[in-house]
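The next block holds one structure in the form of structure tokens; read it before the comments.
Throughout, read-outs are computed from the coordinates displayed, never taken from laboratory work. These numbers were taken from a predicted model, which means no experiment stands behind them. Neighbour counts run over all protein chains shown; Cβ positions are idealised from the backbone, glycine included.
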Amino acid sequence: MDRIILASQSPRRKQLLEWAEIDFDVVVSESDETYPPDLDVEKIALHIARNKAIAVKEKSSPENIILAADTIVVLENQVINKPKDRSDAIRILSALSGKQHLVITGVVLVKGKKEISFADTTEVLFHQLNQAQIEFYVDKYKPYDKAGAYAIQEWIGVVGIKSIRGDFYNVMGLPVSRVVQCLNRDFR
């Protein structure tokens, strides 16, 4: 298989690809993470992932496979971004408490002129969390770089999530089994 370039600085995406025993290099380039205000929520993560892929593709050999991804959290049709600070993280987790939300990861794979893209959606339901649990999590884990202010593989995922429907690893930031299938099917 050709050289794979992960267009992401996410340690979780890097870890998932390592677990899948995929050889890759990380190349990150500044890209626009804004999106048109009228874009359907299902397409936002894909739009941002495509911008990441394009930014890295411009610096890369056309023989490389560029893998870019972006993950968003959606509650009641509203995108929940990364928290700005402690109080914002507490506000976000309080809003997610006891409710179901969607985690959508957009994935774009590009080699030369060929592009394969898809979005994967996982439904996550939180138990009702109390203020002490939320504050403990925010203070100990500082989830300021995470969409929705949490990481499923941390304490809050172990004690706070009642159920998920879909790919667990999608919630971590990359539907890695689907990525591997796509690489094997479309880029061999």
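Descriptive notes on the structure:
- Residue count for the range 11-50, restricted to those that are touching a strand residue (DSSP E or B) at 6+ places or on another chain (Cβ under 8 Å) and not basic (K, R): 16
- Answer from A89, A53 - the residue that is touching a Pro at 6+ places or on another chain (Cβ under 7 Å) and surrounded by 14 or more Cβ atoms within 10 Å (Cβ to Cβ): A89
- Filter pass, Q133 being farther than 24 Å from S8 by Cβ and part of a loop (DSSP other than H, G, I, E, B): no
- Test for Y137: is it under 24 Å from I5 (Cβ atoms) and hydroxyl-bearing (S, T, Y): no
Matching residues to (1) in contact with a Ser or Thr (Cβ under 7 Å, 6 or more places away or on another chain); (2) crowded, with 19+ Cβ neighbours inside 10 Å:
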| site | (1), (2) |
| --- | --- |
| L6 | no, yes |
| P11 | no, no |
| L17 | no, yes |
| I22 | no, no |
| K59 | yes, no |
| T71 | yes, yes |
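- Residue in the range 165-178 that is part of a strand (DSSP E or B) and within 17 Å of L75 (Cα to Cα) present: yes
- Against the list (1) within 24 Å of E115 (Cα to Cα); (2) surrounded by fewer than 22 Cβ atoms within 10 Å (Cβ to Cβ); (3) hydroxyl-bearing (S, T, Y), the condition S94 fails is (1).
- Of all the residues in the range 160-188, those that are closer than 15 Å to W19 by Cα, crowded, with 17+ Cβ neighbours inside 10 Å and over 14 Å from the mean Cα position of the chain (by Cα) number 0.
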